[in-house]
1. Points 7 angstrom from Cα along the Cβ direction at residue 138 and residue 374: gap in nanometres?
2. Could you order the peptides 3-10, 80-87, 142-149, 123-130 from most to least packed, using the average number of other C-beta atoms within 10 Å per residue?
3. Show me 241-249, 258-266, 23-31 ranked by packing, highest mean number of other Cβ atoms within 10 Å first.
4. Can you pull the one-decimal nm distance between simple spin-label points at residue 366 and residue 383, each 7 Å off the Cα toward Cβ?
5. Highest mean first, how do 338-350, 272-284 rank when packing is the count of other Cβ atoms within 10 Å averaged over residues?
6. Could you tally the net charge around residue 6, taking each other residue with its Cβ under 13 Å from the Cβ of residue 6, Lys/Arg +1 and Asp/Glu -1?
7. Reachable aspartates and glutamates from residue 291, Cα under 13 Å, same-chain residues fewer than 8 places away excluded?
8. Mean-square fluctuation check for the chain, GNM, Cα pairs under 10 Å: which of 363, 177, 332 is largest?
Amino acid sequence: MAKDIAVLAYSGGLDSTISIDWIKENYGYEVITLTVDLGGGQFSDDLESRAKKAGALDCVILDVKNEFVKDFILPSLKAGVIYENNYLLATSIGRPLMAKKLVEVAYKYNARAVAHGCTGKGNDQVRFDTAIKTLSANEPLEIIAPAREASLTRDQEKEYAEKLGIKLPGVEERVYSIDRNLWGLAIEGEDLEDPWVEPPEDAYLITKNLEDTPNDPAYIEIGFKEGMPNKLNGETMDFLEIIEKLNLIAGDHGVGRVVHVENRLVGIKSREVYEAPGATVIHNAFQSLEKLVLNRDQSRMKNMISSNYSDLVYDGRWFSGLRENLDAYCKSSCRYMTGEVRIKLYKSKCDVVGAKSPYSLYSYDLATYSNDDKFKHDSAEGFIDIYSLPSRIQRKQQIHDELTD
Ligand code: ARG
């Protein structure tokens, strides 16, 4: 028999801290908090004491950075995911891993329920709930979402915290709703909610304002092995470390800021800003290498896969058969994705200035207009003669007057 325990996803912020008491009051369950470290920032030192003071029975903190990189960031890089041409999906790939850990910890403690702090109008509730329901299909867990169920405003939350005698640093001045991990940040709320208002500078946390960026460019070189970044500036390095380093270097040059009005799964449009300096550089480098090693048919198909994969991830269907199928395609498409890419970072721009691969399909002898040219020019006439045959026949038989009409 499961115990009356709920495992709550815990960030240490206002919403999740008052959720501890709210669950105890409204469900009569004990609460174990679970903090999942996906990288990109530090949790406050007093996380555990804060949770316990708010009434938690126990506090679990898991460092899952390596799993995040290997099983979530890498597949989404290989798939080239980017939602509506702008958003590199850092939050969307983080949620399924958090959900997975909630389920694992709930089973470990024989808990009856899991809980998260999502509201009823965002995408994250869909990602959490869908992943939790899928992963616990054989042994279902109850899902509690205090913010969705109680729909407290921020002021009501503050009153609630005051009543409980919980003092959280930064609650008064904190204005934006921020989700942060190794792959990037999503920032919502306040002035950002008006699409006519330019996002204020204080909305950005890890990328420099253009005016403050260095006056000299930075050149960096990223090495890939079968699609996985494995070198930075000639030095062999873990993918995790490459991301961390690039977040700092590219952030310093103001790279990776995006202002986006996006279509949420729940039907509304939202306006938010994203910062993903490292991810932006790595995606650009990856795509440039693809241009060398994939042929035209392969790259057209890859675009279709990327678009499907992006919607699937955004819509919370990470744990699905389709994703596994698409991963198999991307793995195969990365077979020759080995090589190096040179990038110039300058004044918020990230330009690929060079790329090479032992498997490159680019042939200088065929492309050059110099004396080294080996292209068979005389074959072109015959090729075009047959290539244009269907349109010539159609022109003669059917199409006569489209120019005069
Ligand atoms: N709109 C993005 C998404 O659905 C980011 C949501 C981030 N959440 C937040 N609390 N800022 O993936």
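The values are calculated or read from the model by the stated rules, or taken from the named source; none is laboratory data. What you see is a predicted model, and the numbers here were worked out from it, not measured in a lab. Backbone-built Cβ (ideal geometry, glycine too); neighbour counts: all protein chains shown. Note: areas computed on protein heavy atoms with side chains; ligands, DNA, RNA excluded. Shrake-Rupley method; radii C 1.70, N 1.55, O 1.52, S 1.80 Å.
1. My value for the distance between the label points is 5.7 nm.
2. Details: 3-10: 22.6, 80-87: 17.4, 142-149: 19.4, 123-130: 21.1.
The densest-packed peptide leads the list: 3-10, 123-130, 142-149, 80-87.
3. 241-249, 23-31, 258-266
4. According to this spin-label approximation, the distance is 0.8 nm.
5. On the way: 338-350: 18.8, 272-284: 24.7.
Ranking, from highest mean packing down: 272-284, 338-350.
6. Details: positive: 3, 24, 112; negative: 4, 21, 25, 30, 58, 142, 149.
It works out to a net charge of -4.
7. Here the aspartates and glutamates satisfying the reach criterion relative to residue 291 are 340.
8. 363
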